[in-house]
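Heads up: the structure comes next, in C-alpha cells.
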Amino acid sequence: MMGNFLEHVPIDEVTRQMLIGVIEKKQKWERLKKKVFSLQLVTFGGFALFSIYILFYLIFPSGTWTELINGFLGKTVHLYILLLLFTSYWAVLYYKGKCDKAEEEFHSLRCEIIQKSIDLWKDEQQWKERHKLFEMMKKEYDINLYYENS
C-alpha cells in the first residue's frame, strides 16, 4: 500500500524514504497502542474477577483473618493466579513504555519532515503540489504534515 501510493508521486528518494519511515513508525505506534489496550483489558478483567472470587469465596465465608489467610495460602492456585496477574501487569507497563517510545519516534520524524519541507520540496512545482501529498498522507494514514502541533 505504501509503495503504490508513493511510487507515483514526483519526489526524490530521500523524501520518499522519510515518508515511508513516518508511515512505518505510525503503524508501529498504532500496533503497540492496540496491544497495550488489549493487555490492559485482560489485566483489569483478571484482577476484577480474582477480586470478586476472593470476596465471595474467601472473605465472606471467613470469620477471622487467620481463616482468610489460611484459605488463600491453602491453595497454591491462588499464588499462581497472582503471579499471572502481576506478570500481565508488568507486560502492560513494558509495552506502554515501548508504545510511548514509538509515539515519540513517530512525532519526531513527522516534525523533522515538516521543518525540512523547504529542503525536501526544492522545486517550485513540487512545492505547489506538496499539499496533494499531504492530503493523501492525512487521508490514507492519518498523518498530519501541515503543522507540528497535531
Checklist entry - Looking at segment 1-52, which of its residues are at pLDDT 95 or above and of a type in the set (Ser, Thr, Tyr)? => result Ser38, Thr43, Ser51
Checklist outcome for this item: Given (1) surrounded by fewer than 14 Cβ atoms within 10 Å (Cβ to Cβ); (2) free of Cβ contacts under 8 Å to residues at least 60 places away in the same chain; (3) touching a helix residue (DSSP H, G or I) at 6+ places or on another chain (Cβ under 8 Å); (4) not β-branched (Val, Ile, Thr), Asp142 misses just (2)
Checklist entry - Is it the case that segment 131-139 has a residue that's within 22 Å of the chain's Cα centre (by Cα), modelled with pLDDT of 90 or more and open to solvent by 70 Å² or more (accessible area, probe 1.4 Å)? => result yes
Item to check | Extreme residue, farthest from Glu30 (Cα to Cα), among residues of segment 98-115 that are without any contact (Cβ under 8 Å) to a residue 40 or more places away in the chain and open to solvent by 60 Å² or more (accessible area, probe 1.4 Å) | outcome: Gln115
Checklist entry - Residues of segment 56-72 being open to solvent by 90 Å² or more (accessible area, probe 1.4 Å) and closer than 19 Å to Gly46 by Cα, which ones? => result Phe56, Tyr57
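The values are calculated or read from the model by the stated rules, or taken from the named source; none is laboratory data. Just so it is clear, the structure is predicted and the values come from calculations on it, not from any experiment. Cβ coordinates were reconstructed from backbone atoms using ideal geometry, including for glycine residues, and neighbour counts include every protein chain displayed. What goes into the accessible areas is simple: the full protein's heavy atoms, side chains included, and nothing from ligands, DNA or RNA. Shrake-Rupley method; radii C 1.70, N 1.55, O 1.52, S 1.80 Å.
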